[in-house]
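K.L.:
Here it is, the structure in full.
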Amino acid sequence: MRFPLLPLLLIIAAPGWAADAFFAPAQTSGSVEVRLLPTQVVTAGTPRLITFGMPFPRGSITAANLTTLRVEKNGVEIPAYVQQLTPWRHRSNPLHDGTSVRVARIQIQNTFASPVAAETISVSWGGSPRLLNVATLTNPRSAWHRVDSGSFVSADNVDEPDVYAVLPASWLSQGLLKPARSTAFDPSNTEARDNPAAMDAIATWQGYQESERALKNNFYSVINRDDPLVTVANQCPYKTQREPWLYDRAATMFILHFRGGSFTALREAVQATQFYFNQIDSGGFFGLASGDSKYAYNESLAYAHWLTGDDLLLPDIALVTNAQAGFQHAWSAPQGFWTERHAAFKLLANVVAYEVLGGNARRDTVNQILADLRAHQDGAGGAIPAQRIDGGLYHYGTQHDSDWDDASLGASSWMSALLTDAVVRAYASGEDVESAAFVRRMGIFYNGTMVQTDDQSYGGGALWMPRYAILLNGADGQINFEDIEHSLDVAGQLAWAAYFADLTSQSSAGFRSSVAQLYASYDIGVNHWIRPAGPASGLAAFRVSPWRKWGWEHRTSDGIGFALQSSEGFANGFE
């Protein structure tokens, strides 16, 4: 049976609830401990060049004040090269455009006492000037090596740093690299893969720990380290097939690192980014999916550049926007192909390129894409009937690979989640009320897609889920009705809709209840996909099917905890 959406009245947010600031507070002075992790090429007693990026909350330190950035080991300052790698940029406010450091590049030498043990340094700023300054940058790649074991072998031509610098999740989750705040993992969620039998025995975790555990445990499946008994036929074919890369496999690994502080996730993310980078063709497309812009990403390239200080990736951060340029994002009724997914990745690529590279032309491109998307949401100049569920970007089924009736106007919930993720990122460089309103109104559309039904694969009765697509009047648009596997990603973007409603003192119209309902369905689904006995038959214990699901679930849902916890409603227990 299917039931209409009935928001729980006790958990509807009232207008005016306060939301935490979008940006983490500036820290004009402070200190962060950084772990140095040697790889297998490091030997004891030999100095090693280490280059890494140190990100800061906006407004924390200017480029001129980087003279106060000091690196210490065991309380003793060590020589360091320090420069601004990227400033915080802003598309409209000169007070925030280029006036503070977003990422500083730091280069040091370190001699390890043991080739297998991590060592710790501290990075401080805002105090006395650095005394031991290194004047010249050495090419960071001079301290990289060819990967010859693990996820890649020598023939894959993947390189990595000899030493990785790992910053705390409590620091990275403040929205410093992905500029939307998230929440660090619960301390009990350690780096290692969990025991699948133990996970399967726990039906529900407090807060959002179920999704945090799944982000980590399924990571080991997508890198083929679920269990040694899993046969090759059941492993992820990331070297030969494009499907595992959809939704940016490498960027999702970075998200795991930002939230969990995992060295393994950072190393795999850097290696995966190098593999992806090696296959970007002259048009900016990914080689395994040449000509297909939904596989053209620069988000992971930006993260790798910022965290390793490697400049080799910079030209391709710009090149990827060329791959996206051919898609006509400004919708009109007569045009051909159009999807929210393609619009999402076009906007995202241009936002990331602006963040890293700046420039008025890139700024103007981002502004124009956002304006065109708002015009679409407003009805495309009358091309979309006024009698519709607000918020969706409606287009004809024939424009969307006939996922609904060709002559009908409809929109996709889960593809829209990709798009609002990109708009939230764009908001960070504009802080514009129009983008906040766009995301809030999209929340109205997400609510309109939700149904409660027992027509779902998990069993156990009726669950809430988003429909794959709806027509503008709210009717089912997709013949294959069930879309419960998109519960988490849509919930994550509904949480941002609630956040921006609070931020702009607008009604969130039951968004929080919808997030809770969708997340509850996702929570049940996590256990549905765990099979502790699977490896005995050559199957993964933590199933990921299809492989791209790991990316669509987790790359866009990382802010769900912050977006809801920042509001008075969540703090009072209203989920």
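K.L.:
Which far-off residues, 5 or more places away or on another chain, put their amide H under 5 Å from the one on Asp159, with H placed in the peptide plane?
P.N.:
Val147
K.L.:
What is the local net charge at Ile121, summed over the other residues whose Cβ is closer than 13 Å to its Cβ (Lys, Arg +1; Asp, Glu -1)?
P.N.:
Net of charged neighbours comes to 0.
K.L.:
For Ala192 and Ala155, what does the FRET efficiency come to when R0 = 25 Å and r is the distance between their Cβ atoms, rounded to the nearest 0.05?
P.N.:
0.30
K.L.:
For region 428-470, what's the radius of gyration and Dmax over Cα atoms, in angstrom?
P.N.:
In order Rg, Dmax, the Cα atoms of region 428-470 give 15.3, 45 Å.
K.L.:
In whole angstrom, note down how far apart the Cα centers of region 105-147 and region 420-436 are.
P.N.:
When both Cα centres are located, 35 Å separates them.
K.L.:
Another question about this same structure. Quick one: Debye curve from the C-alpha atoms of region 520-570, no solvent, what's log10 I(q)/I(0) at q = 0.15, 0.20, 0.25, 0.31 Å⁻¹?
P.N.:
Calculated log10 I(q)/I(0) at the listed q: -0.58, -0.82, -1.01, -1.14.
K.L.:
Applying the Karplus parametrisation 6.51 cos²θ - 1.76 cosθ + 1.60 with θ = phi - 60° to the phi angles of region 106-123, what ³J(HN,Hα) value in whole Hz is obtained for each residue in order, glycine and proline being reported as x?
P.N.:
10, 10, 9, 10, 9, 9, 8, 6, 9, x, 10, 10, 5, 10, 10, 10, 10, 10
K.L.:
Stretch Thr398-Lys239 to full length: gain in nm at 0.36 nm per residue minus the Cα-Cα span?
P.N.:
Roughly 53.9 nm would be gained on extension.
K.L.:
Restricting things to Cα coordinates, could you compute the convex hull volume per residue of the chain in Å³?
P.N.:
Output value, Cα hull per residue: 151 Å³.
K.L.:
What order do you get for 282-294, 446-458, 502-514 when each peptide is scored by the mean count of other beta carbon atoms within 10 Å, highest first?
P.N.:
Details: 282-294: 16.9, 446-458: 19.7, 502-514: 22.5.
Highest to lowest by the protection proxy: 502-514, 446-458, 282-294.
K.L.:
If you plug each phi of region 269-276 into the Karplus form 6.51 cos²θ - 1.76 cosθ + 1.60 with θ = phi - 60°, what whole-Hz ³J(HN,Hα) values come out, in order, with x for Gly and Pro?
P.N.:
5, 5, 5, 4, 5, 5, 4, 4
K.L.:
5 Å is the cut-off here: which amide hydrogens, built 1.01 Å from N in the peptide plane, fall below it relative to Ile470, excluding neighbours closer than 5 in sequence?
P.N.:
Placed amide hydrogens put Ala411, Ser413, Gly477 under 5 Å from Ile470.
K.L.:
Ignoring any ligand, DNA or RNA, what whole percent of the accessible area of the chain comes from carbon and sulfur when the probe is 1.4 angstrom?
P.N.:
With neighbouring chains kept in place, the figure for the chain is 53 percent.
K.L.:
May I ask you to order 466-474, 300-308 by the average number of other C-beta atoms within 10 Å around their residues, highest value first?
P.N.:
Final packing ranking: 300-308, 466-474.
K.L.:
Which whole-number percent gives the relative contact order of region 310-453, counting Cα pairs below 8 Å spaced six or more residues apart? Don't skip to the end; give the middle numbers.
P.N.:
Working: 174 pairs, mean separation 37.8, N = 144.
Over region 310-453, the number comes to 26 percent.
K.L.:
While we're on this one: Would you work out which of Leu494, Val103, Gln328 lies farthest towards the positive end of the dipole of the chain? Charges go on Cβ: Lys and Arg +1, Asp and Glu -1.
P.N.:
The residue sitting most towards the positive pole is Val103.
K.L.:
Ignoring ligands, DNA and RNA, what accessible area per residue does the chain give at 1.4 Å, in Å²?
P.N.:
With the other protein chains kept in place, the chain gives 35 Å² per residue.
K.L.:
Using a ≥ b ≥ c from the Cα gyration tensor of region 73-141 (square roots of the eigenvalues), is it rounded, prolate or oblate, where a/c under 1.5 gives rounded and otherwise the larger of a/b and b/c decides, a/b for prolate?
P.N.:
prolate
K.L.:
For region 21-136, what's the radius of gyration and Dmax over Cα atoms, in angstrom?
P.N.:
So, for region 21-136, Rg and Dmax equal 15.5, 51 Å respectively.
K.L.:
Here's another thing I want to ask about it. Cα convex hull of region 398-487: how many Å³ per residue? Could you put the intermediate results ahead of the total?
P.N.:
Values: hull volume 9.5 nm³, N = 90.
Spread over its residues, the Cα hull of region 398-487 gives 105 Å³ apiece.
K.L.:
As an exercise, take the mean of 1/r over every pair of distinct alpha carbons in region 280-381, invert it, and state the Kirkwood radius in angstroms.
P.N.:
It is 14.2 Å.
K.L.:
If one puts a single equal scatterer on every Cα of region 332-451 and applies the Debye formula without solvent, what log₁₀ I(q)/I(0) results at q = 0.11, 0.13, 0.19 Å⁻¹?
P.N.:
Rounded to two decimals, the profile gives -0.36, -0.50, -1.02.
K.L.:
Highest mean first, what order results for 223-229, 340-346, 126-132, 247-253 on Cβ atoms within 10 Å? Before the final figure, lay out the partial values.
P.N.:
On the way: 223-229: 17.0, 340-346: 24.4, 126-132: 12.4, 247-253: 26.6.
Going by the mean number of other Cβ atoms within 10 Å, highest first, we get 247-253, 340-346, 223-229, 126-132.
K.L.:
Can you work out the Karplus-derived ³J(HN,Hα) for every residue in region 525-530? Use 6.51 cos²θ - 1.76 cosθ + 1.60 with θ = phi - 60°, whole Hz, and x for glycine or proline.
P.N.:
x, 4, 5, 4, 8, 9
K.L.:
Just grab the label-to-label distance for Ile202 and Asp292, each label 7 Å out from Cα along the Cβ direction, in nm (one decimal).
P.N.:
It works out to 3.6 nm between the two label points.
K.L.:
Please list, short to long, the whole-number percent of alpha-carbon pairs of region 133-219 in consecutive 10 angstrom bins beginning at zero.
P.N.:
For region 133-219, the pair-distance distribution reads 13, 28, 30, 23, 6, 1.
K.L.:
What is the set of long-range amide H partners of Met450 at a cut-off below 5 Å, with H atoms built 1.01 Å from backbone N?
P.N.:
Answer set, sorted by chain and number: Arg467.
K.L.:
Show which aspartates and glutamates lie in cross-link reach of Lys549 when reach means a straight Cα distance below 14 angstrom and same-chain residues fewer than eight apart are skipped.
P.N.:
Straight-distance partners of Lys549: Glu243, Asp248, Asp483, Glu485, Asp489.
K.L.:
Here is a further query. What are the principal axis extents of the Cα atoms in region 215-305, in Å, biggest first?
P.N.:
Principal extents (Cα only, largest first): 39, 31, 18 Å.
K.L.:
Okay, moving on. Give or take rounding to whole Å, what are the principal axis extents of the alpha carbon atoms in region 188-247, in descending order?
P.N.:
Result for region 188-247: principal-axis Cα extents of 38, 28, 19 Å.
The values are calculated or read from the model by the stated rules, or taken from the named source; none is laboratory data. A quick note: this is a predicted structure, and the numbers were derived from the prediction, not measured. Every residue, glycine as well, gets a Cβ built from its backbone with ideal geometry; the counts of neighbours run over all protein chains shown. In case anyone asks, the SASA skips ligands and DNA or RNA and just uses the protein heavy atoms, side chains included. Shrake-Rupley method; radii C 1.70, N 1.55, O 1.52, S 1.80 Å.
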